[in-house]
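The values are calculated or read from the model by the stated rules, or taken from the named source; none is laboratory data. These figures come from a predicted structure and were not determined experimentally. Every residue, glycine among them, receives a Cβ derived from its backbone with ideal geometry; neighbour counts consider all protein chains shown.
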């Protein structure tokens, strides 16, 4: 055996140390680059999802018209836009709650709609809007649109309950244009 060569590991030269150091730097660089790429992809997917939802919401709202008529006559609710309105029956209690909402009054004790509106406010939940969406099998259907921070929730509702809540929270009330065309009556005659 030669005097200069030791058994076992080969002798590390300055050149091999540089290569290993460079290789470690490259591996670290590629790890960082992968993390950046993954984060960018997550951000892009999140942004595109948000944009798609916003676009869907915008496109959906083009199918609706804001109600500018809300009246109660006994147990009949009149809800419409311009001279066209949906005329529907509700219970005495709901009709009274809608009337109180129109007058911005609370009776001696708060009713369910007053309590629900206060709960929304207390928990920092915004009632963004109410939509009256459809009429099937003799029944009207509505949706309550809630928002808290970036979270959104849609709740199925009876239109009379949704209207009563909308009035207490100063939220816009919309009617689907097609529903107004098919079920609406001319109230300006």
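Across region 99-114, what is the total count of residues that are surrounded by 10 or more Cβ atoms within 10 Å (Cβ to Cβ) and over 22 Å from the mean Cα position of the chain (by Cα)?
Count: 10.
Starting from residues that are farther than 14 Å from residue 155 by Cβ and surrounded by 15 or more Cβ atoms within 10 Å (Cβ to Cβ), keep the ones in region 118-142 and report whichever is nearest to the chain's Cα centre (by Cα).
Among them, the one singled out is 134.
Return yes or no: is residue 80 buried (at least 21 other Cβ atoms within 10 Å of the Cβ), in a helix (DSSP H, G or I) and touching a strand residue (DSSP E or B) at 6+ places or on another chain (Cβ under 9 Å)?
Here the answer is no, as residue 80 does not meet what is asked.
So for region 129-136 (the condition being at pLDDT 90 or above and in a loop (DSSP other than H, G, I, E, B)), does at least one residue qualify?
No, there is no match, as no residue in region 129-136 is at pLDDT 90 or above and in a loop (DSSP other than H, G, I, E, B).
State the number of residues belonging to region 147-189 that are in contact (Cβ under 8 Å) with a residue 12 or more places away in the chain, part of a strand (DSSP E or B) and either crowded, with 18+ Cβ neighbours inside 10 Å or out of contact with any strand residue (DSSP E or B) (no Cβ under 8 Å at 6 or more places or on another chain) (or both).
The qualifying residues number 5.
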